[in-house]
Amino acid sequence: ERHKVDHEGTVWQMKDAFIGNAGKDRNPEIIVMGGGPRLFEAELRYADGFATGVPFVAPYPDDYGKAVQEHKKKLAEFGRTNDKFSFGLIHMLFVCKDEDEFEKYVNNPLLKFFAATAGRLNMNDWDREGIEPVMPRDWHYAFKMLSGSYTKEEVWDIVDRTPPEMVRKTYHVGSPAQIAAKIRPFTAAGADRHLMADVSSLLIAQDPSA
């Protein structure tokens, strides 16, 4: 019973809400994904971990490592120095034979549309790559994208304005070994949990029995 939650929010209302079996024999882990000062404080005070995306939020291991250290400092300020707190990453991948093979896919409309709208969630982050963002600089999918509302013409306009270099910067690409080499620096920077999101199966035929 102590795991049930009532919440009267401005968007969601919950009565006797619970996760799983309400903690009768185990407590669920709560891993927070998102940004903003209020969410960061809530996760560091109460949650079991934090997760973000690579490369669309955290493309550089050094910057990610600095964020991990800042989080650990705040955890200590909140008296959680002995608590286990997980630092997770969701990696956007395109697994193929090697990096050269990926070149045949850099103009694919699906990959281009995702790169334009989510290759960097903060559109201004494209400046560091020397790429002008396709979407407006104040655009964020969570606030501005209304799925299913785009016309065919609008979709193709976005696709046509997306350069191949933006696609290359949106995914970890290559063989499993090449991708692992790109992920290891993030582990060294503090990530201890990794989720792989491989989009190659959308474009490359896969044999499930192989």
*Mean Cβ count within 10 Å, highest first, over the residues of peptides 131-140, 43-52, 146-155, 76-85*: 43-52, 131-140, 76-85, 146-155
*May I ask what percent, to the nearest 5, of DSSP beta bridges between residues of the chain are antiparallel?*
15 percent
*Let a ≥ b ≥ c be the square roots of the eigenvalues of the Cα gyration tensor of region 115-210; is it rounded (a/c under 1.5), or, if not, prolate (a/b larger than b/c) or oblate?*
oblate
*asked:* Going by amide H atoms built from the backbone, whose H comes under 5 Å of the H on residue 95, apart from near neighbours?
replied: 199, 200
*If a helix is a whole DSSP H run, which ones in the chain reach 27 Å or further along their own axis (Cα) and hold a mean Kyte-Doolittle hydropathy of at least 1.0?*
none
*Specify which residue in the list 78, 54, 123 is farthest towards the positive end of the charge dipole of region 8-137, using unit charges on the beta carbon of Lys, Arg (+1) and Asp, Glu (-1), about the Cα centre.*
78
*Any aspartates and glutamates with Cα under 14 Å of the residue 97 Cα? List them, leaving off those in the same chain fewer than 8 positions away.*
198
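Using only helices, what value at 222 nm comes out for the chain when you add -39,500 (n - 2.57) per DSSP H run of length 4 or more and divide by the total residues, to the nearest 500 deg cm²/dmol?
My calculation for the chain gives -9500 deg cm²/dmol from helical runs alone.
Compute the signed sum of charges (Lys and Arg +1, Asp and Glu -1) over the other residues within less than 15 Å, Cβ to Cβ, of residue 83.
Every neighbour counted, the sum reads +1.
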*Determine the share of the chain's accessible area contributed by carbon and sulfur atoms, expressed in whole percent, with a 1.4 angstrom probe.*
55 percent
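The values are calculated or read from the model by the stated rules, or taken from the named source; none is laboratory data. Remember, predicted model here, so these are calculated numbers, not experimental data. Because the Cβ atoms are built from the backbone with ideal geometry, glycine has one as well, and the counts that use them run over all protein chains shown. With ligands, DNA and RNA removed, areas are computed over all heavy atoms of the protein, side chains included. Shrake-Rupley method; radii C 1.70, N 1.55, O 1.52, S 1.80 Å.
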